[in-house]
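Asker: My questions all concern the structure below.
The values are calculated or read from the model by the stated rules, or taken from the named source; none is laboratory data. What you see is a predicted model; the values in this text were computed from it and never measured. When we count neighbours, we look across all protein chains shown, and the Cβ atoms used for this are built from the backbone with ideal geometry, even at glycine.
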Amino acid sequence: MHKTRHQKLKTVYREKMAEILKQHALWTVNEEQQGERADLRNTDLSKVDLSGVDLHSARLQESDLTGTDLSGADLHGANLREADLRDADLTGTNLTGANLRQANLNRVNMTGAVLSGARLTRADLHEARLWKAQLTEADLTGADLTKADLHETRLHSAHLSEADLREARLRKAHLSEADLHGAKLQGADLTGAFLEGTQLHGANLQEAVLVGANLTNADLTDADLTGADLSDAKFIGADLTGANLSRAILTGADFTRCKGMRTKRRIERD
């Protein structure tokens, strides 16, 4: 997903970096009237210790941040479009409203990070660790989240349409009111997940585990739940019109006021 670089990356030495951070701090304190916003576009910052730094609203497009320590840093509103953050440490980092479109976040550690309202369209988050991260209203349209760890992650009202979440770990994840239409969720673990009012139209949930999940009022029209484990899941008021539940495990599942009578007959027949 991440494009090949054609430009040579700029190098920033320690003294220069210290001055950039100093000027950025002045720019922040003086409400952009003094100092200068950090411009680190297309810069080699790989394996640099930037833990706890203030780089909010900084320009970091296409920069190399592979293996960089950004834990606890303030990057809210920063532009990291197409940046390379493979194996970076973003534990507890503030990325509220940041632009991470098409960024390479493969195997990144974002445990406890705040990404509310962040833009991650078509970002590569394969095997990323997002345990207990905050992604409320984040845009992850078309993102690659295969095998990502999203345990207890907050994704309320997030945009995940056409996202690839195959084999992702979403145990107890908060996905209420999220948009997952057309998402790939084959083999995903959604045990105990909160999916109230979630849009799952046309989603592929083959062999997914939804044991004890809450899908009250969810839209599952034309969703594929073939072979999924729906034991003890709640589908109260959900719309399953046109959904495929062939070979699904339905032990203890609650379909009270569930819409889609054709689906119900298919369940009984299968």
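Asker: State whether one or more residues within segment 101-124 are in a loop (DSSP other than H, G, I, E, B), within 11 Å of the chain's Cα centre (by Cα), surrounded by fewer than 22 Cβ atoms within 10 Å (Cβ to Cβ) and basic (Lys, Arg).
Answerer: Yes, the conditions are met somewhere in segment 101-124.
For every residue, the table says whether it meets (1) of a type outside the set (A, V, I, L, M, F, W, C); (2) in contact with a strand residue (DSSP E or B) (Cβ under 9 Å, 6 or more places away or on another chain).
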position	(1), (2)
Glu15	yes, no
Ala25	no, yes
Val29	no, no
Glu36	yes, no
Arg41	yes, yes
Asp44	yes, yes
Val48	no, yes
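Quick grid of which residues meet (1) acidic (Asp, Glu); (2) over 22 Å from Arg122 (Cα atoms); (3) crowded, with 21+ Cβ neighbours inside 10 Å:
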site: Gln34; (1), (2), (3): no, yes, no
site: Leu55; (1), (2), (3): no, yes, yes
site: Gly72; (1), (2), (3): no, yes, no
site: Ala83; (1), (2), (3): no, no, yes
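Asker: Moving on to the next point. Could you please give the count of residues in segment 130-158 that are over 20 Å from Ala78 (Cα atoms) and out of contact with any His (no Cβ under 9 Å at 6 or more places or on another chain)?
Answerer: Matching residues across segment 130-158 total 5.
Asker: Just checking, how many residues over segment 1-29 are assigned to a loop (DSSP other than H, G, I, E, B) and either at pLDDT 90 or above or closer than 15 Å to Thr68 by Cβ (or both)? Break it down stepwise before answering.
Answerer: From segment 1-29, those assigned to a loop (DSSP other than H, G, I, E, B) are 1-9, 12-13; that's our starting set.
Okay, now just the ones that are also either at pLDDT 90 or above or closer than 15 Å to Thr68 by Cβ (or both), so 9, 12.
Total meeting the criteria: 2.
Asker: Let me ask something else. Suppose the filter is assigned to a loop (DSSP other than H, G, I, E, B), more than 17 Å from the chain's Cα centre (by Cα) and over 18 Å from Arg129 (Cβ atoms); does Glu36 pass it? I'd like the intermediate steps shown before the answer.
Answerer: Values: assigned to a loop (DSSP other than H, G, I, E, B): yes; more than 17 Å from the chain's Cα centre (by Cα): yes; over 18 Å from Arg129 (Cβ atoms): yes.
Taking the combined requirement at face value, the residue satisfies it.
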